[in-house]
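The values are calculated or read from the model by the stated rules, or taken from the named source; none is laboratory data. Everything numeric here is computed off the predicted structure, so don't read it as measured data. Counting neighbours? That spans all protein chains shown, and the Cβs are built from the backbone with ideal geometry, glycine included.
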Amino acid sequence: MIRLAPLHIKLLRDLRRLWAQALAIALVMAAGVATLVLGVGATDALDRTREAYYEENRFADVFASATRAPEALLAEIEALDGVLDAEARIVRLALVNMPDMAEPGSLLLVSVPRAEGLNRLHLRQGRLPEAGRADEAVVSQDFAAAHGLLPGSDVQVLINGRKRQVTITGIAISPEYIYALGPGDMMPDPRRFGIAWMPHDSLAAAFDRQGAFDDLVLKLVPGASEPRVIARLDTLLEPYGGRGATTRKDQMSHAFLDAELRQLRGMSRVLPPIFLAVAAFLVNMTLWRLITLEREQIGLLKALGYGPWAIVRHYVGFVAAIAAIGIAIGWAAGAWMGAGLAGIYARFFDFPYLIFTQNPRPYAVAALVTLGAAVAGAVGAVRAVAWLPPAVAMSPPAPVRYRRLWGGALERRVRFRQSAVMTARHLLRWPVRTGGGVLGVAFAVAVLVGSLWSFGSIERMIDLTFTQTERQDATLVFAEARPHAALYAVRHMPGVLRAEPERVVSVRLSHGPAERRVGLAGVAEGGDLSRLLDPTGQPMALPDAGVVLSEALADLLTVRVGDEVVVEVLEGDRRVTRLPVSGLSQGYVGLGAAMPLSALNRMLGEGAMISAVRLTLDPAALPAFHAAVKDTPQAGFLSLKSLTLSRFRQTMAENITISTTVYLSLAAIIAFGVVYNFARISLSEQGRELASLRVLGFTRAEVAGILYGEIAVVVLLAQPLGWLIGTGFAVLVVRAFSSELYRVPLVIGPEVYAWASLVVIAAALASALLVRGRINTLDMVEVLKTRE
Amino acid sequence: MDAPVPIFRAHGLTKTYRSGTVEVQALRGVDFQAAAGEFIVILGPSGSGKSTFLNIIGGLDQATSGEAWFMDHELTRLSDAGLTRYRRDHVGFVFQFYNLVPSLTALENVRLVTEIARRPMSPREALAMVGLEDRVDHFPAELSGGEQQRVAIARAISKNPEVLLCDEPTGALDSATGVRVLEALMRVNEAIGATTLVITHNAAIKDLAHRVVRFANGGISGVEENTTRKSPAEVSW
Ligand SMILES: Nc1ncnc2c1ncn2[C@@H]1O[C@H](COP(=O)(O)OP(=O)(O)OP(=O)(O)O)[C@@H](O)[C@H]1O
Ligand SMILES: [Mg+2]
């Protein structure tokens, strides 16, 4: 048995006596620790997993494509300064006819990497195709899973206009397609889009590219300058229809993972500080009351010879014990939620493994920060009393002085009930604490406003994108640009009600030092299926001259309407022109640039070409339409709006249920922690008065009403403040979430504020009810025996 | 006093406090009666059960056995809500430690009670009865102990209670202040006819009463009636 020092025994007793308050504070701390561990841990896990995966499978640094480059060029490219390795490939889009699916699907045909090559596959099942076999392929895991394909299964692929039976030899994942998106699609749909790796030679033969390549990936020497390598590479590829090399930043899969990481980092920066600030406030408020009650004991201890530091140690120890509980709960919750999040990633992204190591760093950081916040909260309260001379500490503190509200002016005019006056004066007597309580509850509201708004804004994004801008039922994307006449063939397909051509070319837009690679869309004049919205959300006509940029793109290029941008076409003969910015459009997906189709074709000087057709379809004729597309050799990908939308909603629904639960619990924990402690302290301070009121014949309900009135005032004042802070959070979140891939509109409808308030008020009510028992059992007789 | 109407009746009232294995018999069978309008002084050594008795007939505490009646209410059978109602409508309390609400002024402390009383007097009138008409806007912390006790009395009488129960109302006061407080109590007893029970350790106060009840060892050990009452000023402390 260890003998505990008297102060340690007191510490344990205090904890036991105040366990409910201590637990409420510990839970707030735990929320801070958990969000920090989760945020840092998940960011870390995603980061490290991706890094390890990239490393192991030699994910490339630079990506380029061309029309047709001779293989001999490869040696020259490999010899470039800074290039470590290069892999020449054929990459083509092909329609696939899956018997379990009415709609046509697409496979991106990619050369199987060389044995020691780049972007190596991680085989999950089976084997790689044998070199020279034109009828064997490895397919991406998600596509295989969506169709129940196994090694040995056959699929029918439309390769360069010819139907071919291809046998699946294996199932794999690749660092290049962790996030695999069909061309022009907005959500990954593994049913309709997958990757098929086939032997390079057979692909080259099928697409008439023997001894040549049309796609290239490079691995650079660590520390090599990307812009320099790209500049040289572009020069080398230019004669062969090079489309301008890009880095990982512009690689779709990589960029999406980056966006995800940004969001996670944003969360781990915003949430934990809120919880820790609230926890520090609660510690301060609770300790202040405890010390006020124990003032005489402290004086006695000091008279007995305990120094001020012993007093400080004691109370800081008390707080540290609470923090320890919070940290322990937070660690456990963080680890548990982290495992859950890892599961979500595993489902959403294709990783061969997930490195969710129990990296001690986030745990240690969370513990230290929490302990720091707790001690910071304790310091003010302890300092006030630890250095008081014993005699002063032991004498009762001066009576609390109250003042009339505004010199009594208001009270003279309006007659309040005296119980209301008590409530108001008590709240005003401790303005800092009242303010802290209001702010704490406001944070709970803010956490909800700052998260719940996203539902409304997703709906807005859906409406803008799927209803107002993209008005087609389907878009047929050609494998490569076709003459304008291809439109008529499509128009005559069964079920087509309306067809509008479109051409998208990749261009580099620049303005001063700012430049961006984007797809420049040529939109059919007089068309209705692809509509631009002006910044106020009204449909806008496409000006005849110049180019319309999305607001996001205009921001990046720092241009305004009327400015000129340099347009460098990255296809064909790579013309460079200057175009005036003729308008700005609203859009949340990608960086958009648009101009009339005829003007685009004039600019390219390749004659009337189109790369896609937007369609409205007769629902009754869908099967016939799908069948016709499957037989269209030029078709590369069919994107169907209703499928994209339902896929989008399904993914959102999964995430929303989880995130809503998390945010609701977090807000409830703050609201509960603040309100419960506030109520307990208020009760401790006014217990004597409330018991006296019971003696005077006030009912239990009336007496509870006085305390509840106080809580009600705090909670109600907190609502507008919480709405305001929450709106601020939402603005921050929008900034953190916005990437070049998508932006989020900030729409906060009244229902968001209403829900946030409702939840917080419910949590406040629940914690208020928890103190009801204590109000009911106020000891009247005891109060009469003692002087205050 | 002719044909006094009993306002309080108690039979065989006992109270046992139990803490762990220790039992304390605070009251061991008290029989008691008080007539309407009577001014009764209760004396007795410390621990003899005076406060316990007063708290039970004041509806603040429950007896262990026996019965206590206020007019036709059987207090010993009332629920907490019933007792609250009883205190609210019929009883005025004055305690040694005033028990004022520190955040309310003198006037507001009185108003606190008149707001919930059925037939209250005006709060200013109540304060005037205890001679505090010019301190109505002071907070308790700005009043002397005697003044605070007079506010407590004003608060107790402002509802025009049938009974006024006072537990050592002068216990914390010096003699001159104590005299003023007692004067206030007697004036109120006469003015509103409230049956008044005053617990005190000051035996001299017994001369002010109609009747003196002595407590000893958890029971009533003796009752004396005063044929002539003194005024507070005549009492020597
Ligand atoms: N809550 C309690 N728990 C246990 N014992 C109690 C309690 N309250 C009172 N007692 C005991 O009951 C007995 C009577 O107490 P009471 O307060 O009625 O005495 P009193 O006559 O008012 O004394 P004093 O003149 O000192 O106020 C005492 O022995 C006391 O210790
Ligand atoms: Mg007593």
* To do: Could you check, for the stretch A:710-720, whether at least one of its residues is outside the structural domain of A:W19 (by TED's automatic domain parsing) and within 16 Å of ligand 1 (Cβ to nearest atom)?
  => no
* Quick check: anything in the stretch B:15-37 within 12 Å of ligand 1 (Cβ to nearest atom), within 14 Å of chain A (Cβ to nearest Cβ), outside any strand (DSSP E or B) and surrounded by 19 or more Cβ atoms within 10 Å (Cβ to Cβ)? -> no
* Answer yes or no: is there a residue in the stretch A:255-273 that is in contact with a Leu (Cβ under 9 Å, 6 or more places away or on another chain), among the aromatic types (F, W, Y) and within 30 Å of A:E51 (Cα to Cα). => yes
* Asked: What tally of residues in the stretch B:149-166 results from selecting those that are polar (S, T, N, Q) and within 13 Å of the chain's Cα centre (by Cα)?
  -> 1
* Within the stretch B:190-222, how many residues turn out to be of a type in the set (G, A, S) and within 16 Å of ligand 1 (Cβ to nearest atom)? -> 6
* Considering only strands (runs of 3 or more DSSP E) fully contained in the stretch B:39-126, which possess at least 3 residues that are within 16 Å of ligand 2 (Cβ to nearest atom) and more than 8 Å from chain A (Cβ to nearest Cβ)? -> B:39-43
* Structure fact -> Over the stretch A:534-554, the set of residues surrounded by fewer than 14 Cβ atoms within 10 Å (Cβ to Cβ) and either closer than 22 Å to A:V744 by Cβ or in contact (Cβ under 8 Å) with a residue 24 or more places away in the chain (or both) is A:P535, A:T536, A:G537, A:Q538, A:P539, A:D544, A:A545
* Structure fact -> With the first residue restricted to the stretch B:135-146 and required to be β-branched (V, I, T), and the second required to be at pLDDT 90 or above, Cβ contacts under 7 Å at 6 or more apart or on different chains are B:V136/B:T105; B:V136/B:A106; B:V136/B:L107; B:V136/B:R124; B:V136/B:L127
* Qualifying positions in the stretch A:52-84 - touching a Leu at 6+ places or on another chain (Cβ under 9 Å), under 20 Å from A:D201 (Cα atoms) and polar (S, T, N, Q) -> A:S65
* A:Q650 fails exactly one of the following numbered conditions: (1) in contact (Cβ under 8 Å) with a residue 12 or more places away in the chain; (2) farther than 30 Å from A:K163 by Cα. What is the number of that condition? -> (1)
* Structure fact -> Checked A:L276, A:L236 against criteria (of a type in the set (A, V, I, L, M) and under 30 Å from A:G41 (Cα atoms)); the one match is A:L276
* Here are some conditions: (1) at pLDDT 90 or above; (2) crowded, with 24+ Cβ neighbours inside 10 Å. A:W453 meets all but one. Which one does it not meet? -> (1)
* Tally, over the stretch A:590-649, of residues that are outside any strand (DSSP E or B) and aliphatic (A, V, I, L, M) -> 16
* Asked: Does any residue in the stretch A:681-699 that is within 19 Å of A:M285 (Cβ to Cβ) come within less than 8 Å, Cβ to Cβ, of a residue that is basic (K, R) six or more places away or on a different chain, and which pairs are these?
  -> A:I681/A:R289; A:I681/A:R433; A:L683/A:R774; A:S684/A:R289; A:E685/A:R289
* Asked: For the subset of the stretch B:215-237 comprising residues that are closer than 23 Å to B:R9 by Cβ and touching a helix residue (DSSP H, G or I) at 6+ places or on another chain (Cβ under 9 Å), which member is farthest from ligand 2 (Cβ to nearest atom)?
  -> B:N226
* Considering residues of the stretch A:508-533 that are assigned to a loop (DSSP other than H, G, I, E, B) and touching a residue at least 40 places away in the same chain (Cβ under 8 Å) only, the residue surrounded by the fewest Cβ atoms within 10 Å (Cβ to Cβ) -> A:G512
* **Filtered residues of the stretch A:146-173 (kept if in a loop (DSSP other than H, G, I, E, B) and under 30 Å from A:E56 (Cα atoms))** => A:G148, A:L149, A:L150, A:P151, A:G152, A:S153
* To do: Would you mind stating whether A:V695 is more than 14 Å from chain B (Cβ to nearest Cβ) and either crowded, with 17+ Cβ neighbours inside 10 Å or more than 30 Å from A:I291 (Cβ to Cβ) (or both)?
  => no
* To do: Take the residues in the stretch B:137-148 that are surrounded by fewer than 19 Cβ atoms within 10 Å (Cβ to Cβ) and more than 19 Å from the chain's Cα centre (by Cα), then tell me which one is nearest to the other protein chains (Cβ to nearest Cβ).
  => B:A141
* To do: Give the residue that is farthest from ligand 1 (Cβ to nearest atom), with candidates limited to residues of the stretch B:51-80 that are within 16 Å of the chain's Cα centre (by Cα) and among the small types (G, A, S).
  => B:G59
* Please work out if A:A620 is within 26 Å of A:G105 (Cα to Cα), modelled with pLDDT of 90 or more and more than 36 Å from the chain's Cα centre (by Cα). => yes
* Asked: For the stretch B:167-189, does any single residue satisfy the condition of being over 16 Å from the mean Cα position of the chain (by Cα), surrounded by 20 or more Cβ atoms within 10 Å (Cβ to Cβ), outside any strand (DSSP E or B) and within 14 Å of ligand 1 (Cβ to nearest atom)?
  -> no
